[in-house]
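Asker: The structure under discussion is supplied below as structure tokens; questions concerning it will follow.
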Amino acid sequence: GLWRKRRRQAWQKLFDEACAQVPLPARIAAISGLLRRAARRVDKQADRLQGEDWLRFLDGKKGDDFSAGPGRLLLEGGYRREVEANAWEAIRDLACKRFLELMAGRK
């Protein structure tokens, strides 16, 4: 209902604000942090996962967009000096979708 829609809009705003007005590598670090916070909603230990284990968790029950796709940028993107705009757009869309799922409590 309306409450669910407002809650989702608030989460979307949180995600969008994390991605605003900072260099691309910093945006990747910011969304990585958001994903880790959201992951705790479905698994209290999830934010402690590292590397490939973390990417597989983000993959969820279907797909491999994090472990074998654009989501791999989360591993080192926050440490790069530059990130290509098209790589950023792919990870942004993927991460936002997963962030909203995790915030809603969907593994």
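Asker: For the stretch 58-86, name all the residues that are open to solvent by 30 Å² or more (accessible area, probe 1.4 Å), of a type in the set (A, V, I, L, M, F, W, C) and under 15 Å from Ala29 (Cα atoms).
Answerer: Leu75
Asker: Still on this structure: Of all the helices (runs of 4 or more DSSP H) wholly in the chain, which have at least 1 residues that are out of contact with any strand residue (DSSP E or B) (no Cβ under 6 Å at 6 or more places or on another chain) and polar (S, T, N, Q)?
Answerer: It comes to 2-18, 24-39, 85-103.
Asker: Please pick out the residue among Leu35, Leu14, Leu24, Leu55 that is within 19 Å of Gly105 (Cβ to Cβ), of a type in the set (A, V, I, L, M, F, W, C) and open to solvent by less than 50 Å² (accessible area, probe 1.4 Å).
Answerer: Answer to the selection: Leu35.
The values are calculated or read from the model by the stated rules, or taken from the named source; none is laboratory data. No experiment lies behind these values; they were computed from the predicted model shown. Positions of Cβ are generated from backbone atoms using ideal geometry, with glycine treated the same way; all protein chains shown enter the neighbour counts. Each accessible area value is taken on the protein alone, full model and side chains, heavy atoms only, with ligands, DNA and RNA left out. Shrake-Rupley method; radii C 1.70, N 1.55, O 1.52, S 1.80 Å.
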